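Asker: Dropping a structure here in structure tokens format, bear with me for questions.
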Amino acid sequence: MARRLQPDVVVMDLAMPKLDGVAATRQLTSDDFTSDPSRTIKVIMLTGLGSAPEDVCAALRAGASGYLLKDAAPTELVTAIESVASGLAYLAPNVTPGVIADIASRPVAGRPAPGALDRLTTREKEILVQMAYAMSNDDIAAKFHLSIATVKTHVCRIINKLGVRDRTGAVVMAYQGGLVRPDDIPEGN
């Protein structure tokens, strides 16, 4: 149905009877799934199974742009859909600490290629750090006294230079590459 309808966002259940949500997400987000190669379907993983960091990371590695528990308030689901549809990532606040800890604990072999983060300018690294702190483009623009358009341009360049799909992939690389550590996250984020 998704191949025929080409939705902008799919809310995917993690546990399904024939094909699990991670495998289905991998298919939906593959380059050859849509008829228009410049268009990608965004996926939000929804689960009632809890927030095991390995489940969240598996979903993100498969291409999901969001992860939410089924007990989330309807307003949170709407926020997640709007965020992902606009090109941002969304992780439920109650799963984020586990994901950060999982990423930070990965062995060095799982880190990005040497020099991947070195391709970024100083400003791009500053913006990537704020992205890792879950700051929106508006918040980043206010912090650095930049226009929102300039921040969006920096975010696009970061994603392109790192060779990742979206903000989530860039943030994962920031943690894996040591640019950000879980201990660095300011209070309130």
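The values are calculated or read from the model by the stated rules, or taken from the named source; none is laboratory data. All figures in this text were calculated on a predicted structure; none of them were measured in a lab. Cβ placement follows ideal geometry from the backbone for every residue including glycine, while neighbour counts extend to all protein chains displayed. Areas reflect the complete protein model, heavy atoms only, side chains present, ligands, DNA and RNA absent. Shrake-Rupley method; radii C 1.70, N 1.55, O 1.52, S 1.80 Å.
Asker: Pairs under 8 Å by beta carbon, first residue charged (D, E, K, R) in segment 30-47, partner in a strand (DSSP E or B) and modelled with pLDDT of 75 or more, six or more apart or different chains?
Answerer: K42/V9; K42/V10; K42/G66
Asker: Filter segment 145-154 down to residues that are under 18 Å from T122 (Cβ atoms) and aliphatic (A, V, I, L, M) and give me whichever is surrounded by the fewest Cβ atoms within 10 Å (Cβ to Cβ).
Answerer: Looking at the filtered set, the residue picked out is L146.
Asker: Continuing with this model, one more query. Could you pull out the residue among R157, R106, R111 that is in contact with a helix residue (DSSP H, G or I) (Cβ under 8 Å, 6 or more places away or on another chain), at pLDDT 80 or above and either open to solvent by less than 20 Å² (accessible area, probe 1.4 Å) or not hydrophobic (A, V, I, L, M, F, W, C) (or both)? Walk me through it before giving the result.
Answerer: Details: R106 fails: at pLDDT 80 or above; R111 fails: at pLDDT 80 or above.
The unique qualifying residue is R157.
Asker: Let me ask something else. Working only within segment 71-88, note down all residues that are open to solvent by 30 Å² or more (accessible area, probe 1.4 Å) and not in a loop (DSSP other than H, G, I, E, B).
Answerer: Passing the criteria: P74, T75, E76, L77, V78, T79, I81, E82, A85.
Asker: Assigned to a helix (DSSP H, G or I), open to solvent by 40 Å² or more (accessible area, probe 1.4 Å) and modelled with pLDDT of 80 or more, is that true of D183?
Answerer: no
Asker: Assess whether V164 counts as being in a loop (DSSP other than H, G, I, E, B), surrounded by 13 or more Cβ atoms within 10 Å (Cβ to Cβ) and either at pLDDT 85 or above or among the hydrophobic types (A, V, I, L, M, F, W, C) (or both).
Answerer: It is true that V164 is in a loop (DSSP other than H, G, I, E, B), surrounded by 13 or more Cβ atoms within 10 Å (Cβ to Cβ) and either at pLDDT 85 or above or among the hydrophobic types (A, V, I, L, M, F, W, C) (or both).
Asker: Kindly list, by first and then second residue, each pair from a residue in segment 62-89 that is over 20 Å from T29 (Cβ atoms) to a residue that is open to solvent by less than 60 Å² (accessible area, probe 1.4 Å) and in a helix (DSSP H, G or I), limited to pairs with Cβ atoms under 8 Å and residues at least 6 apart or on different chains.
Answerer: Listed by first residue and then by second, the contacts come to A72/A80.
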